[in-house]
Structures are given as structure tokens and as C-alpha cells.
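Chemist: Let me begin by handing over the structure; questions about it come next.
The values are calculated or read from the model by the stated rules, or taken from the named source; none is laboratory data. Computed from a predicted structure; not experimentally measured. We place every Cβ from the backbone using ideal geometry, glycine too, and count neighbours over all the protein chains shown.
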């Protein structure tokens with residue numbers, strides 16, 4: 001009774017408990033559906049995948065506990081290291097999408113006649129499906145009739161079948177993936193350029209800043225949020241990179257173009273696999289690599305924002 005009396009004394013007269021705590025609780029009520037969906041469709045599958053990676057399971061029968069055996073086998077698997085190295089290549093060259101998207105956005109951020117048509121043309125790769133992108137580049141690289149093959153044949157006398165050569169195939173796939181990724185980064189930077197303070201730009205011009213100095217000291221600091229999102233999305237795109245590989249080469253030739261996401265599918269769900277636990281172990285490694293990069297970017301951004 002004493003506790004109830006204290007609560008009544010602390011509460012303004014004539015107001016219910018809800019009215020008193022409404023402003024404190026309302027944000028949590030609005031967040032609750034999103035938090036529930038995030039826990040159900042993101043956190044729970046992550047935990048389930050980690051747990052599954054300790055089992056041998058074909059997807060239908062009983063599970064057999066293996067402990068760390070899946071990971072021991074994985075770290076002795078040459079195909080895993082091939083896939084991991086290809087992901088490194090994807091990651092290194094995919095980062096070119098960020099500066100390329102920035103310079104395209106700067107070029108398109110003008111008020112000249114016909115600029116909307118140019119924006120539409122540059123935006124087009126982002127709109128079309130990855131499957132369509134894969135088919136377009138498959139024809140572009142195709143021996144005997146592909147445009148690139150014919151150009152190289154005309155220039156050197158001998159064409160190169162990029163998708164059939166193990167030393168070239170991964171770089172050819174990265175080039176195909178870069179096309180829509182550059183368009184996506186361009187959109188992010190175009191949005192960011194619309195929020196650049198014209199007062200700061202004008203003040204920098206009065207101080208004599210122009211060209212690279214204007215870009216480096218005035219424009220880029222204001223584009224930091226767009227840069228952060230572009231880098232994170234590009235890293236995720238480089239590490240998953242399943243669609244292009246599946247459509248253009250199906251992991252070939254001789255497994256030389258596999259990436260971790262495709263190898264995970266191949267082991268867990270394709271006709272070669274049905275090893276759900278082994279596929280889950282690959283997924284856990286891929287998730288850990290993503291988290292290392294994303295956590296590092298978030299930590300750096302927080303430090304920059306706090307001025308530490």
C-alpha cells in the first residue's frame with residue numbers, strides 16, 4: 001500500500017499511468033513491430049545457421065551432431081580457399097564503384113539541357129535485374145559473336161573467351177557486377193549532393209577554393225553519410241555476388257569462379273550437395289567476414305562524428 005501511495009504522489013493529479021509515461025513509451029511501441037520482424041527474419045535465422053553449422057543434415061532426415069568437424073573440413077577444403085580468394089578479388093575491384101559513382105554523380109549534378117535523359121541512361125543498370133545483367137555480359141563476352149571478343153580479335157588477331165579462361169573469368173564477372181553497382185553508388189551520391197550546403201560552397205569559392213580542393217575539403221565531408229552507405233552496400237554486394245556467378249558461369253570453368261555465397265548454395269542446396277550443415281558453416285564464415293568490415297566502418301564513422 002505504501003508503494004501504491006508513493007506512485008500516486010509522484011503522479012500528477014488526474015493523470016493515469018499511461019498519460020504520465022506516454023512520451024517515454026510511445027517510441028518503443030512504434031518500434032515494436034519493426035523490432036519483432038527484425039528478430040524473426042534476421043536474428044533468428046542467423047542464430048539457426050550458426051547452430052546448424054555444428055550438425056550433419058541433409059535437409060530431411062535426422063540431424064547428427066558433429067561439433068567443429070564442418071569447420072575443420074572447411075579449412076582443409078581447397079574449393080573454400082578458391083572461393084575465398086575470388087571474394088577478395090571481388091571486394092578489391094568492387095570498391096571502384098564508390099569513386100566511379102561519385103564522379104558520375106558530380107558530372108550529372110548539373111542544370112543543363114537534356115541532363116535528365118543522361119541521368120536516366122546512367123540509372124538504367126540499377127533498375128534491371130541481375131539476371132538480365134548476367135545475360136547481357138554473357139553475350140558481350142561470348143566467343144565468335146560477342147562484341148568484346150570481336151573487338152579483341154580485330155585488334156590482336158585472336159579473341160579471348162573470358163568466361164572459359166580460369167585466369168580471366170573472375171575479373172570478367174566483377175566487371176559485369178560493377179555496372180549496376182556504380183549506378184547504385186551514383187544514386188546515393190546524387191541524393192547527397194542535393195543536401196550539400198550552398199553557403200559553404202560559396203564561402204569556399206570566395207576563399208579561392210576550386211577543383212580538387214573544393215571537392216576534398218568542402219564537398220566530400222558533407223557526403224560522408226552517403227559514402228558510408230555506399231561502402232557498406234558495396235562490401236555486402238561484393239561478398240554475396242551470387243547472381244552474376246550463377247547466371248554467367250555456374251561456378252566454372254572447373255570451379256575457378258566460385259565465390260563463398262555460390263559455394264554455400266552448391267554444398268547445401270544443389271544436386272551436388274544437400275549438406276545443410278556444411279553450407280551453414282560457409283554461411284557463418286561469410287557472415288563473420290561481412291561483420292568485420294561493417295563493424296570497422298561503423299566504428300570509424302562513429303569516431304569521426306564524435307571527433308575522437
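Chemist: Considering 226, 238, 280, 230, which residue is touching a residue at least 12 places away in the same chain (Cβ under 8 Å) and more than 30 Å from residue 102 (Cα to Cα)?
Modeler: 280
Chemist: Of all residues in the range 102-149, count the ones that are at pLDDT below 85 and more than 28 Å from the chain's Cα centre (by Cα).
Modeler: 6
Chemist: For residues in the range 72-111 being without any contact (Cβ under 8 Å) to a residue 24 or more places away in the chain and part of a loop (DSSP other than H, G, I, E, B), which is surrounded by the most Cβ atoms within 10 Å (Cβ to Cβ)?
Modeler: Among residues in the range 72-111 that are without any contact (Cβ under 8 Å) to a residue 24 or more places away in the chain and part of a loop (DSSP other than H, G, I, E, B), the one surrounded by the most Cβ atoms within 10 Å (Cβ to Cβ) is 77.
Chemist: Residue 118 is checked against (1) closer than 24 Å to residue 196 by Cβ; (2) in contact (Cβ under 8 Å) with a residue 12 or more places away in the chain and fails just one. What number does that condition carry?
Modeler: For residue 118, the exception is condition (2).
Chemist: Taking the range 51-64, which residues are at pLDDT 95 or above and surrounded by fewer than 18 Cβ atoms within 10 Å (Cβ to Cβ)?
Modeler: Selection gives 51 alone.
Chemist: Return yes or no: is residue 9 assigned to a helix (DSSP H, G or I), over 30 Å from residue 253 (Cβ atoms) and at pLDDT 95 or above?
Modeler: no
Per-residue answers, yes or no, for (1) crowded, with 20+ Cβ neighbours inside 10 Å; (2) outside any helix (DSSP H, G or I); (3) out of contact with any strand residue (DSSP E or B) (no Cβ under 7 Å at 6 or more places or on another chain):
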| position | (1), (2), (3) |
| --- | --- |
| 229 | no, no, yes |
| 238 | yes, no, yes |
| 261 | yes, no, yes |
| 267 | yes, no, yes |
| 271 | no, yes, yes |
| 274 | no, yes, yes |
| 290 | no, no, yes |
| 302 | no, no, yes |
